[in-house]
Amino acid sequence: MSTQLARISSLATKATARAWSARDVAWSQPIVLPDGIRPVVYVDLVSQLYHAELVALDALARMHAELTEPEARAFLATQIADEERHAQVYRAYLERVGDLRPIDPGLATSFDAARAWTGPAWALVVALNVMMEHEALHQQHKRIATLPCPLFKEINQRIAADESRHAGFGVLYLEHALPRVPAGEKADVIAWLRTLWARWHDANRGRYQAAGEEVLRLDAEELERRGRRVGATLASLGLGEDDRVLA
Ligand SMILES: [Fe+2]
Ligand SMILES: [Fe+2]
């Protein structure tokens, strides 16, 4: 067994030991909406996080069916349980702040590009566990730091701990699998990742532009920086030459 597979097995053990339940959340805490942000906009933000969890579950079902290593499949089973719990707590939070809002059309476009992938399943590990989990993690930390709702903070802290394990799995799995992947296959995956990133970038650029919504906004410079960070991770795994791989 490779070192990476052994480490994936211990991540799965850790996931099982640290699994929490929606009932563990202190739901009686007050809801605090950010100052100056219309409730509908706040509900929209949380709704998009909920929709993203469902997209993750779709991709995970495929990864669990198609990845062959038992250690990876055992970990993915824990991740599926985690993402189901995340969707459940976001939904429960949404019931307390307002109704679920529909998926943002720009985000839907990037999620559709992700769903359209019919190539090898390791590419889904890159898109979900490396690109989106690193990115989602960053956004969650940012919101924990900037949004005032103590209940939302608790939920996001619990979720961020899970997502950081998922991101860890992504790196380990790819270190294990990528050395055997032919260069042509890697190039196809990189081209697809660029499309995904460009759509994610466009979707975020147009959101939360009204006065007062700055706290929710990802500005162009920050998106650029995030793209370079994810690009550097990809390059360190052997996907692309340098941190401009997604540019
Ligand atoms: Fe999640
Ligand atoms: Fe995750």
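The values are calculated or read from the model by the stated rules, or taken from the named source; none is laboratory data. None of the values given here were measured: they were computed from a predicted structure. Glycine also receives a Cβ, built like all others from the backbone with ideal geometry; neighbour counts cover every protein chain displayed.
Structural remarks
One line per residue, one yes/no per condition, for (1) in contact with a Leu (Cβ under 8 Å, 6 or more places away or on another chain); (2) assigned to a helix (DSSP H, G or I); (3) among the β-branched types (Val, Ile, Thr):
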| site | (1), (2), (3) |
| --- | --- |
| Ala6 | no, yes, no |
| Ala15 | no, yes, no |
| Pro30 | yes, no, no |
| Ile37 | yes, no, yes |
| Leu45 | yes, yes, no |
| Ala52 | yes, yes, no |
| Leu57 | no, yes, no |
| Ala65 | no, yes, no |
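- Residues in region 67-80 that are within 16 Å of ligand 1 (Cβ to nearest atom) and either on the phi > 0 side of the Ramachandran plot or surrounded by fewer than 17 Cβ atoms within 10 Å (Cβ to Cβ) (or both): Ala77, Ile80.
- Residues of region 187-206 classified as at pLDDT below 95 and crowded, with 18+ Cβ neighbours inside 10 Å, total: 7
- Within the set Gly184, Gly212, the sole residue that is surrounded by fewer than 17 Cβ atoms within 10 Å (Cβ to Cβ), modelled with pLDDT of 95 or more and not hydroxyl-bearing (Ser, Thr, Tyr) turns out to be Gly184.
- Within region 96-118, not a single residue is closer than 24 Å to Ile155 by Cβ and within 13 Å of ligand 1 (Cβ to nearest atom).
- Taken over region 119-153, the criterion of being part of a loop (DSSP other than H, G, I, E, B) and either within 14 Å of ligand 1 (Cβ to nearest atom) or closer than 20 Å to Ala177 by Cα (or both) is satisfied by Gly119, Pro120, Ala121.
- The set of residues in region 78-97 being in contact (Cβ under 8 Å) with a residue 12 or more places away in the chain and not aliphatic (A, V, I, L, M) consists of Thr78, Gln79, Asp82, Glu83, Glu84, Arg85, His86, Gln88, Tyr90, Arg91, Tyr93, Arg96.
- Top-ranked residue in region 164-180 [being within 16 Å of ligand 1 (Cβ to nearest atom) and without any contact (Cβ under 8 Å) to a residue 40 or more places away in the chain; ranked as surrounded by the most Cβ atoms within 10 Å (Cβ to Cβ)]: Ala167
- Scanning region 42-66 for residues that are of a type in the set (Asp, Glu) and buried (at least 17 other Cβ atoms within 10 Å of the Cβ) turns up Asp44, Glu53.
This table checks each residue for (1) surrounded by fewer than 20 Cβ atoms within 10 Å (Cβ to Cβ); (2) under 14 Å from the mean Cα position of the chain (by Cα).
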{"residue": "Arg91", "(1), (2)": "yes, no"}
{"residue": "Arg101", "(1), (2)": "yes, no"}
{"residue": "Gly106", "(1), (2)": "yes, no"}
{"residue": "Ala113", "(1), (2)": "yes, no"}
{"residue": "Thr118", "(1), (2)": "yes, no"}
{"residue": "Val125", "(1), (2)": "no, yes"}
{"residue": "His138", "(1), (2)": "yes, yes"}
{"residue": "Ile144", "(1), (2)": "yes, no"}
{"residue": "Ala161", "(1), (2)": "yes, yes"}
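- So Glu224, is it without any contact (Cβ under 8 Å) to a residue 24 or more places away in the chain, more than 16 Å from ligand 1 (Cβ to nearest atom) and surrounded by fewer than 17 Cβ atoms within 10 Å (Cβ to Cβ): yes
- Within region 99-117, none of the residues are farther than 15 Å from Trp200 by Cα and either of a type in the set (S, T, N, Q) or within 14 Å of ligand 2 (Cβ to nearest atom) (or both).
- Every condition in (1) under 30 Å from Glu175 (Cα atoms); (2) surrounded by fewer than 13 Cβ atoms within 10 Å (Cβ to Cβ); (3) not polar (S, T, N, Q) holds for Ala19 except the one numbered (2).
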